[in-house]
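The values are calculated or read from the model by the stated rules, or taken from the named source; none is laboratory data. Being a predicted model, the structure only gives us computed values, none of them experimental. Every residue, glycine as well, gets a Cβ built from its backbone with ideal geometry; the counts of neighbours run over all protein chains shown. Each accessible area value is taken on the protein alone, full model and side chains, heavy atoms only, with ligands, DNA and RNA left out. Shrake-Rupley method; radii C 1.70, N 1.55, O 1.52, S 1.80 Å.
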Amino acid sequence: MASIKDVAAEAGVSVATVSRVLNDHPSVSTDARTRVLAAVETLGYRPNAVARSLRTDQTHTLGLVISDVMNPYFTELARSVEEEARALGYSVIIGNADERPDLQDHHVRNLLDRRIDGLLVSPTDGGSPLMLDAVRAGTPMVFVDRWMPGVAVPVVRSDGRAAVRDLVAHLHGLGHRRLAIIAGPAATTTGQERVAAFREALRAYGLDLPDAYIGQGDFQAESGRRVTEGFLDLPEPPEVVFAADNLMALGALDAVRARGLRVPQDIALAAFDDIPWFVHTDPPITAIAQPTGELGRAAVRALVDRIEGRPPGSVTLPARLVVRRSCGEPSPKNVAVNPGTNRSES
């Protein structure tokens, strides 16, 4: 079996150059890279990842624990993480917490046992002792989308407050005054933040958010359906239901249709976390879109900086409002949109 020294001799370069090519390091010249790759192909060389990890005390493997693999937002996030990690010479092992803190910690424990080089986590709650212990032990870690307040870990997330203000301004302009929200879990930072942003945006227009118009969900479709049924049973139902994530919005849509009601004629619907499906619903759903792919790539870069001894930093990217037709909007060609904050889609 060919060794890395054989590849270096065949290509006429140093062993260090071969190593840089195999790890996709940008400092290698095009000519040297071409010769090394040709030598690898000719000799059938395959790097021994296990042996390499023992020599360097690195596995070139990252762990990713996401909140719910069935949520299209986290599916897209995981894909962008895997693509960026691969480009930087790392592989990724993914664990699905299914919005359960116990399952989250199970995956974190298993990943740490596998000697991963670093960990990306979207926490299901704000108080995991296991993750706190891992941080104290020096495990390179980055929080993505959600975070644990007070924990000194870089956070890569989007800021949806401006987009929520744009949404409320949009709804107010359409004449809606009774606005309700299906909130995410109160134990998550995103669940808390979206309710607070919604309440603050309503206050700017002199509108209240009564307790009856706040429904507690869990970022799952069934909770969106259940909460919306409760809204529809109120003596004075809301005019708009704003779901704090995409799956709860789909559950809300199911509840409305089960009553024989129509969106937006009988009740309007908007969502946080845009997904490709929303343009295909009838009507297409007005939503707040996060820069999901950018978040995943930025999270990997921050974690690799930490692993490789560079100072990592937190990253916050803006979300944006995507106007469609689920809130009583006029036809797309007549919708006035501020290009700096939101956009319109049919």
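The table below lists the values:
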quantity: In the stretch 57-81, the residues that are open to solvent by less than 10 Å² (accessible area, probe 1.4 Å) and not in a helix (DSSP H, G or I); calculated: Leu62, Gly63, Leu64, Val65, Ile66, Ser67, Asp68, Asn71
quantity: Single match in Thr316, Thr341 (criterion: among the hydroxyl-bearing types (Ser, Thr, Tyr) and modelled with pLDDT of 95 or more); calculated: Thr316
quantity: Filtered residues of the stretch 235-246 (kept if in contact (Cβ under 8 Å) with a residue 40 or more places away in the chain and either out of contact with any strand residue (DSSP E or B) (no Cβ under 9 Å at 6 or more places or on another chain) or not aliphatic (A, V, I, L, M) (or both)); calculated: Glu236, Pro237, Pro238, Glu239, Phe242, Asp245, Asn246
quantity: Every residue from the stretch 228-279 that is within 18 Å of the chain's Cα centre (by Cα), assigned to a loop (DSSP other than H, G, I, E, B) and not acidic (Asp, Glu); calculated: Ala244, Ile275
quantity: Inter-residue pairs, beta-carbon under 7 Å, first over 30 Å from Asp113 (Cβ atoms) and at pLDDT 90 or above and in the stretch 32-59, second in a loop (DSSP other than H, G, I, E, B) and open to solvent by 50 Å² or more (accessible area, probe 1.4 Å), 6+ apart; calculated: Arg35/Gly12
quantity: Glu294, sole failed condition from (1) of a type outside the set (Lys, Arg); (2) open to solvent by 50 Å² or more (accessible area, probe 1.4 Å); (3) touching a Leu at 6+ places or on another chain (Cβ under 8 Å); (4) assigned to a loop (DSSP other than H, G, I, E, B); calculated: (4)
quantity: Residue count, the stretch 298-323 (criterion: under 30 Å from Ile267 (Cα atoms) and out of contact with any helix residue (DSSP H, G or I) (no Cβ under 7 Å at 6 or more places or on another chain)); calculated: 1
quantity: Number of positions in the stretch 276-289 that are open to solvent by less than 30 Å² (accessible area, probe 1.4 Å) and either without any contact (Cβ under 8 Å) to a residue 24 or more places away in the chain or in contact with a Phe, Trp or Tyr (Cβ under 7 Å, 6 or more places away or on another chain) (or both); calculated: 4
quantity: In the stretch 299-318, the residues that are open to solvent by 10 Å² or more (accessible area, probe 1.4 Å) and small (Gly, Ala, Ser); calculated: Gly309, Gly313, Ser314
quantity: Filter result (among the small types (Gly, Ala, Ser) and farther than 16 Å from Glu329 by Cα) within the stretch 160-179; calculated: Gly160, Ala162, Ala163
quantity: Close pairs (8 angstrom Cβ cut-off, 6 or more residues apart or separate chains): touching a residue at least 40 places away in the same chain (Cβ under 8 Å) in the stretch 125-147, exposed (fewer than 14 other Cβ atoms within 10 Å of the Cβ) anywhere; calculated: Gly126/Pro149
quantity: Unique match (being in contact with a Cys (Cβ under 8 Å, 6 or more places away or on another chain), open to solvent by 30 Å² or more (accessible area, probe 1.4 Å) and more than 19 Å from Thr190 (Cβ to Cβ)) among His107, His170; calculated: His170
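The rows are residues; the columns are (1) more than 26 Å from Asp68 (Cα to Cα); (2) hydrophobic (A, V, I, L, M, F, W, C).
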{"residue": "Gln216", "(1), (2)": "no, no"}
{"residue": "Val227", "(1), (2)": "no, yes"}
{"residue": "Pro235", "(1), (2)": "yes, no"}
{"residue": "Val241", "(1), (2)": "no, yes"}
{"residue": "Ala244", "(1), (2)": "no, yes"}
{"residue": "Val263", "(1), (2)": "yes, yes"}
{"residue": "Ala271", "(1), (2)": "no, yes"}
